[in-house]
1. Using Cα-Cα distances under 8 Å and only pairs 6 or more residues apart, what relative contact order does the range 472-516 have, in percent?
2. May I ask you to evaluate 6.51 cos²θ - 1.76 cosθ + 1.60, the Karplus curve with θ = phi - 60°, for each residue of the range 353-369 and list the ³J(HN,Hα) values in order in whole Hz, giving x for glycine and proline?
3. How much accessible surface area, in Å² rounded to 10, belongs to the heavy atoms of residue 332 with a 1.4 Å probe?
4. Name the residue farthest towards the positive end of the dipole of the chain from the options 227, 124, 328, assuming +1 on Cβ of Lys and Arg, -1 on Cβ of Asp and Glu, about the Cα centre.
5. Angle between the Cα long axis of helix 451-464 and the longest principal axis of the chain, 0 to 90 degrees, nearest 10?
6. To the nearest 20 debye, what charge dipole does the range 79-186 have about its Cα centre, counting +1 at the Cβ of each Lys and Arg and -1 at the Cβ of each Asp and Glu?
7. Before I look further, what does the range 4-105 give for accessible area per residue, probe 1.4 Å, in whole square angstrom?
8. Could you tell me how many degrees, from 0 to 90 and to the nearest 10, lie between the Cα long axis of helix 260-273 and the main elongation axis, the longest principal axis, of the Cα atoms of the chain?
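The values are calculated or read from the model by the stated rules, or taken from the named source; none is laboratory data. Worth saying up front: this structure is predicted, and the values here are computed from it rather than measured. When we count neighbours, we look across all protein chains shown, and the Cβ atoms used for this are built from the backbone with ideal geometry, even at glycine. Please note that ligands, DNA and RNA were not included when accessible areas were found on the heavy atoms of the full protein model with its side chains. Shrake-Rupley method; radii C 1.70, N 1.55, O 1.52, S 1.80 Å.
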Amino acid sequence: MKIAGLASNRGRNLRHIADVAPGGAELSVVLTNRENAPVVEAATERRIPTEVVEREDGESRESHERRIVDRLSGYDIDLVCLDGYMRVLTDEFLDAVPTALNVHPSLLPSFPGTDAHEQVLDAGVRTTGCTVHVVTEAVDAGPIVTQEPVPVYADDDADSLKDRVLRDAEFTAYPRAVRWFAQDRVDVERADGEPVDVAVDGDMGGDFPERRFVSEERSAELRYGENPHQDAALYADDGCEEASVVGAPQLNPGAKGMGYNNYNDADAALDLVKEFDAPAAAVIKHTNPAGCATSDTLADAYDRALRTDAKSAFGGIVALNRECDADTATAVADSFKEVVVAPGYTESALDVLTDKKNLRVLDVGPLGEGDDRFTERFTEKPIVGGRLVQERDRQSPAADDLEVVTEREPTDAQLETMLFAWKTLKHVKSNGILFATGTETVGVGMGQVSRVDAVTLAAMKAEKDAEGKSAEGAVMASDAFFPFPDAIEEAADAGIEAVIQPGGSVNDEDVIAAADEHDMAMAFTGSRCFRHD
């Protein structure tokens, strides 16, 4: 895609398009109608050819435009991009060149003309933005290709708004439109030669639409970020209906406020206990489970979760999937915890918990039943220059979904443990290995770059830190396949008797043979459960 850029002043959008080359598009020429326009120097620095065609005194628009068309005829051009080109173009010119685009600093059709930012401020609207449109002889009236919104803040003036619209909106929307043209995805519908509508292939919505607009309001300024030298804030999505720690009332207002790490860990803990129908408790440290369990009572589930690794649980986050009662609250308050999250508390439980000065007590409200516990379908991770969006990992295999691949069949009890372990393992950072018995964790090996090391870590934690538990006879869950039998050998040394893993390695036969040699039962899920955040 070859572009002719027309500008009368700095041409900052043209410079940006030249720098990012959206869709591989490049500027063949930059033309200006002003001899000393700064865009000429900027283009020359980028080795882009330039042309200056000033309008002579008394010269008609049509004559001036014919000279411009003549200059452009020497260049290979597929698209014309205007950027602050201070001339109204005639139909004669527009018919003689390829499709021409312009960017306007408001959300057309509102606030057309040269003073858009002043109009926005005078109108008192709370959202503005920019519009990329096809150029017609009627000013700011051509069919719209794309728009990008920008909030208007209470302390904005025309200068601050102009700068933010340029950098946050125009620098996003204009390259997007050019990329679509470069990818041959834009159809400009014309009637009697005039452009009247624009259609963009693929810009049709769906789960992963071509464009996403995220609007969130600041819910709280946090004491600091992950570290004290980092500022941080919490933004809330008011459209979220799922139980969450965002906006959850803190029932002991005298305690310290929630920090960045508190919210991050509390969210991870709550997400884990939502997996289970039975009373469940989880203790989280740095978003990883230090322990998790389900049981007939909440207090017993918490006790079993805590005893997986009480040492690491010190200063951790506790999440419960039932109303917290006095027995559970007493156990939670017995050692230092940062936050406890639950869908409600009895009065006696609150009496116990609010007596702890620095324990934040969050009430997230009802969790819902079954799939209703998970109404938010997607998770997001900002990265420099963009944002990753994916579906949440809601896979939850049943016993009938597992493929037993070893000579030894797992017992019914081992199958129950496999399913519990898999649900919990989804919340362990990869490479992740989890040892479990019954419906409680025994040892967790998380965040290792080697799967064998993750097995070794889980075995070590089970032996050294688990109270009244043992890896002997336990089930091992792995979040991805075993590439070699060495991890099975390591697990056998620890006393593991059954394994649940995705399968799918080119060395599956060797891994299965190793399990058979050690009389282990092994089942494949057919899908992995990586967690990298």
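1. Value for the range 472-516: 52 percent.
2. Running phi through 6.51 cos²θ - 1.76 cosθ + 1.60 with θ = phi - 60° gives 6, 6, 6, 8, 4, 10, 8, 7, 10, 10, 10, 8, x, x, 8, x, 10 Hz.
3. Accessible area, nearest 10 Å²: 0 Å².
4. With unit charges placed on the Cβ atoms, the residue in question is 227.
5. Once rounded, the angle reads 40 degrees.
6. For the range 79-186, the charge dipole is close to 460 debye.
7. 47
8. Tilt of helix 260-273: around 60 degrees.
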